[in-house]
Amino acid sequence: MAEIASLPVSGSFEQRRDRPLDGACRGAEGGVFARVAHEPATAARAREEAAKAVCGGCPVRIPCRRHALAARIPHGVRGGLTADERHVLLTAAPHLPA
């Protein structure tokens, strides 16, 4: 967690349709990155783990994570972190720039 909390979050991040242009997610099934209404908890965890697996080998995982933190994106898996994980980081480190 220290690795994430200490990352700067400023800078540009080129995206199209809410996904980075060079990201591994560009070729992945988009449904694994966003929560489904009334999704059971076990299904949500499985979906999030599938999304994190895509993020795990992504060449732009860290810039994507920085962007999600800086933009305060409140939903989905971005840069290998769930919305809840990003919320915890931002709550623990409120000094991170918006």
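The values are calculated or read from the model by the stated rules, or taken from the named source; none is laboratory data. Being a predicted model, the structure only gives us computed values, none of them experimental. Reconstructed Cβ throughout: ideal geometry from the backbone, glycine too, with neighbour counts over all protein chains shown.
General remarks:
- Any hit, the stretch 52-67, residues being surrounded by fewer than 20 Cβ atoms within 10 Å (Cβ to Cβ) and free of Cβ contacts under 8 Å to residues at least 12 places away in the same chain: yes
- Residue check, Ala83 hydrophobic (A, V, I, L, M, F, W, C), touching a Pro at 6+ places or on another chain (Cβ under 8 Å) and at negative phi: yes
- Qualifying positions in the stretch 8-44 - in contact with a His (Cβ under 7 Å, 6 or more places away or on another chain) and at pLDDT 60 or above: Ala34, Arg35
- Hey, Val88 within 26 Å of Glu39 (Cα to Cα), of a type outside the set (Asp, Glu), modelled with pLDDT of 90 or more and buried (at least 17 other Cβ atoms within 10 Å of the Cβ) or not: no
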